[in-house]
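Student: My questions all concern the structure below.
The values are calculated or read from the model by the stated rules, or taken from the named source; none is laboratory data. Source: prediction; values computed, not measured. Ideal geometry is used to build each Cβ from the backbone, glycine not excepted, and the neighbour counts take in all protein chains shown.
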Amino acid sequence: MMEIIGFILHGKIRGKKKVKQSLINKFSADYELRFYETVQPRHAEELTGKALSEGCNFLIAVGGDGTLNEMVNGYLKTRLTSGVNASIGVLPFGTGNDFARGTGITRDINQLSEMIRLNQPRMLDAGRMEFQHPDGSKTIRYFDNIADLGIGGDVVGRVNGVHLIKTVLGGKFNFFVAILVTFLSYKHKRVKVSWDGNEWEGQVLSLVVANGRYFGSGLGIAPEAKPDDGKFELVIFANLSIIDYLLNYSRLRKAEKIIHPEVFYHRTSKVFVESGGGTVIVEADGEIEGAAPIVYTCLPGSLRFLVP
C-alpha cells in the first residue's frame, strides 16, 4: 500500500495550479496524493484534522507561516488526543516564510522529495499559549516559530490588510513599511512579565517568545533561539524609539544581538504576561491570536518535522 501525502494548500497562493501540477508530477508515481485547499481563515486547522483522520502519513503545508501555524494547531490538537504519528513539513509560499528560513527549508520540490523519501523528522518544540479571559474561560493555541505582543500585533494587522503592497512590493519591503508606519502611531504597552522566579514590569515596544530565530520576513529577533532545545528565547524590547529601531535594523537583519539598555534576552520554558492597562494584542506566526493575560509553555519535541 502506498504511503499518503496530504498537502494543506493555501487557496490563494500565486500560481496555485502550477504548484499543484508540479507536486503531482513529482510525487504521484510513488505516493498517494491528497490536496486539502483552504477557503477561509483557520480552515487549514480543520483540514489537518481531516487529513490525519483519513490516514495521511505526511502532511505538508503549502503556503506561508500562517498556513503552517494553522496546520500545527490542527496537528497538535489531534496528536495530543489520539497519538497520530504523521510527519509534517512545509513548502514555503508565503509573505514571510520565517520558520522555513530558520530551518533551512526552501521552495525546492526536490528538497521536499528527499526529506519525504528519507522520513527522518527532527522532534521540534512547539509553543502553547493559554489565554485567560475576564469571564474565567480559557483558550489554548499553539505556535511553531514566534509569538509576540506589542507592536508586532499592530504590524501583522497592517500587513495582512494591505494586499496591494504585499503583491507588488513583496514580503520584506511590506513588513518594513508596515513597521515604520505603525511606529508613527504606536503607543508602548505596559506589561508585567514573570519567568523562572523572575519578574519584569515596564513599557514595551515588543515582547517576543521565540522558538525560532526569525519573524517579520527575515528579522533575526532571537539570535540564540533553537527549535529543539526545550526552551524559549524571551526577548524584551522595552522603551525603544523609532530611531533606536532604525539604528539597529541591520543587526536584526543579520540575526545579531542588540546591545542596548532597553533590550533584554532570557532563556526559559514558561512565561506569564499580564497587561498593565489596556488591551495588549498577541500574535503568533503572523496571525492575530488573542490578548494578555497569557501563559506561554514550551512543549519539547512535540512536532515530527521534516527538515534538511
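Student: Quick test for you: out of VAL263, VAL204, pick the one residue that is farther than 22 Å from VAL307 by Cβ, of a type in the set (A, V, I, L, M, F, W, C) and at pLDDT below 95.
Tutor: VAL204
Student: Counting only residues that are of a type in the set (D, E, K, R) and either buried (at least 17 other Cβ atoms within 10 Å of the Cβ) or in contact with a Ser or Thr (Cβ under 9 Å, 6 or more places away or on another chain) (or both), which one in region 185-225 is farthest from ALA292 (Cα to Cα)?
Tutor: Taking the candidates together, the pick is ARG213.
Student: Is it true that some residue in region 24-35 is closer than 23 Å to SER82 by Cα, touching a strand residue (DSSP E or B) at 6+ places or on another chain (Cβ under 7 Å), surrounded by 15 or more Cβ atoms within 10 Å (Cβ to Cβ) and of a type in the set (Ser, Thr, Tyr)?
Tutor: Looking through region 24-35, none of the residues is closer than 23 Å to SER82 by Cα, touching a strand residue (DSSP E or B) at 6+ places or on another chain (Cβ under 7 Å), surrounded by 15 or more Cβ atoms within 10 Å (Cβ to Cβ) and of a type in the set (Ser, Thr, Tyr).
Student: For residues that are more than 19 Å from GLU70 (Cα to Cα) and either crowded, with 23+ Cβ neighbours inside 10 Å or modelled with pLDDT under 95 (or both), tally how many sit in region 115-137.
Tutor: 6
Student: How many of the residues making up region 112-140 are over 30 Å from VAL280 (Cα atoms) and touching a Gly at 6+ places or on another chain (Cβ under 7 Å)? Break it down into steps so the answer makes sense when it comes.
Tutor: Going residue by residue through region 112-140, those that are over 30 Å from VAL280 (Cα atoms) are 112-123.
Right, trim to touching a Gly at 6+ places or on another chain (Cβ under 7 Å) and you get 112, 115, 123.
The total comes to 3.
Student: Restricted to region 141-162, and to residues that are of a type in the set (A, V, I, L, M, F, W, C) and at pLDDT below 60, which residue is surrounded by the most Cβ atoms within 10 Å (Cβ to Cβ)?
Tutor: VAL159
Student: I'd like to check something: does region 223-235 contain any residue that is of a type in the set (A, V, I, L, M) and at pLDDT below 95?
Tutor: No - not one qualifying residue is present in region 223-235.
Student: I need every pair where a residue in region 3-14 that is over 10 Å from LEU91 (Cβ atoms) has its Cβ under 8 Å from the Cβ of a residue that is among the basic types (Lys, Arg) and in a strand (DSSP E or B), sequence separation at least 6 or different chains.
Tutor: ILE4/ARG34; ILE5/ARG34; GLY6/ARG34
Student: For region 290-308, which residues satisfy the criterion of being within 18 Å of ILE151 (Cα to Cα) and either free of Cβ contacts under 8 Å to residues at least 24 places away in the same chain or part of a strand (DSSP E or B) (or both)?
Tutor: Of region 290-308, the ones within 18 Å of ILE151 (Cα to Cα) are 290-294.
Within region 290-308, GLY290, ALA291, ILE294 meet the criteria.
Student: Okay, moving on. Failed condition for PHE305, given (1) within 16 Å of the chain's Cα centre (by Cα); (2) at pLDDT 95 or above; (3) surrounded by fewer than 18 Cβ atoms within 10 Å (Cβ to Cβ), with all others met?
Tutor: (3)
Student: Continuing with this model, one more query. Quick check on my filter: what residues within region 267-279 are modelled with pLDDT of 95 or more and not in a strand (DSSP E or B)?
Tutor: SER269
Student: Looking at LEU59, LEU68, can you tell me which residue is within 24 Å of THR139 (Cα to Cα) and not charged (D, E, K, R)?
Tutor: Just one listed residue meets the conditions, LEU68.
Student: So which residues in region 236-255 are at pLDDT 90 or above, surrounded by 14 or more Cβ atoms within 10 Å (Cβ to Cβ) and more than 21 Å from SER194 (Cα to Cα)?
Tutor: ASN248, ARG251, LEU252, ARG253, ALA255
Student: What number goes with the only condition from (1) loosely packed, with under 15 Cβ neighbours inside 10 Å; (2) within 18 Å of GLN111 (Cβ to Cβ) that SER53 does not pass?
Tutor: (2)
Student: Checking the structure you have, find out if any residue of region 280-289 is in a strand (DSSP E or B) and farther than 24 Å from GLY96 by Cα.
Tutor: No - not one qualifying residue is present in region 280-289.
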